[in-house]
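This report refers to the structure that appears directly beneath it.
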């Protein structure tokens, strides 16, 4: 089983879309193993977006991500990193296909509702920023046997 970090950004919470979007991941059969609501500090933003800190757009990104609470989550499932990113669609909501989360709910590149890790390395790093190991709760839902056939996971 693979794990990925998913952050529901300030615009998602401000627009009241958290439940709607979270439900899509659950309906897909992805397993939620950690979740918390928090306010990102400028220091956390610099850590999370370390590769962008020196770029001209970073101040606006930091202002956006620290403007309101976020919900940080970890999902688990087969190929979960790829699956979540495909469910999100293109970074810009204007370019994201209909049926994807961003295609259905976003019209912005920055205010695109959800961040998701793009690789196993990013997932490990990002999960470590927001969660302690003991906050990740491995569990087997009783309906798990109806989500994948034996040997598919």
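The values are calculated or read from the model by the stated rules, or taken from the named source; none is laboratory data. Every value quoted in this text rests on a predicted model; they were computed, and no experiment measured them. We place every Cβ from the backbone using ideal geometry, glycine too, and count neighbours over all the protein chains shown.
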Determine whether residue 147 is more than 18 Å from the chain's Cα centre (by Cα), under 15 Å from residue 31 (Cβ atoms) and without any contact (Cβ under 8 Å) to a residue 12 or more places away in the chain. no
Would you point out which residue out of 76, 43 is more than 22 Å from residue 17 (Cα to Cα) and either crowded, with 16+ Cβ neighbours inside 10 Å or free of Cβ contacts under 8 Å to residues at least 12 places away in the same chain (or both)? 43
Check off (1) touching a helix residue (DSSP H, G or I) at 6+ places or on another chain (Cβ under 7 Å); (2) part of a helix (DSSP H, G or I); (3) without any contact (Cβ under 8 Å) to a residue 40 or more places away in the chain; (4) within 30 Å of residue 151 (Cα to Cα) for residue 102 and give me the number that stays unchecked. (4)
When you look at residue 62, is it more than 13 Å from the chain's Cα centre (by Cα) and closer than 22 Å to residue 106 by Cβ, yes or no? yes
Out of all the residues in the range 50-65, which are in contact with a helix residue (DSSP H, G or I) (Cβ under 6 Å, 6 or more places away or on another chain) and not in a helix (DSSP H, G or I)? 53
Out of all the residues in the range 105-129, which are touching a residue at least 40 places away in the same chain (Cβ under 8 Å), more than 19 Å from residue 77 (Cβ to Cβ) and assigned to a helix (DSSP H, G or I)? 105, 129
Count - residues of the range 131-146 that are closer than 15 Å to residue 33 by Cβ and in a loop (DSSP other than H, G, I, E, B): 8
Does residue 47 count as under 30 Å from residue 140 (Cβ atoms), over 14 Å from the mean Cα position of the chain (by Cα) and either part of a helix (DSSP H, G or I) or at pLDDT below 95 (or both)? no
Looking only at residues that are more than 23 Å from residue 91 (Cβ to Cβ) and at pLDDT 95 or above in the range 105-141, which one is farthest from the chain's Cα centre (by Cα)? 134
Please go through (1) surrounded by 15 or more Cβ atoms within 10 Å (Cβ to Cβ); (2) closer than 19 Å to residue 127 by Cβ; (3) in contact (Cβ under 8 Å) with a residue 40 or more places away in the chain for residue 35 and return the number of the only condition it doesn't satisfy. (3)
Name the residues in the range 121-137 that are surrounded by fewer than 18 Cβ atoms within 10 Å (Cβ to Cβ), touching a strand residue (DSSP E or B) at 6+ places or on another chain (Cβ under 6 Å) and within 12 Å of residue 3 (Cβ to Cβ), would you? 136, 137
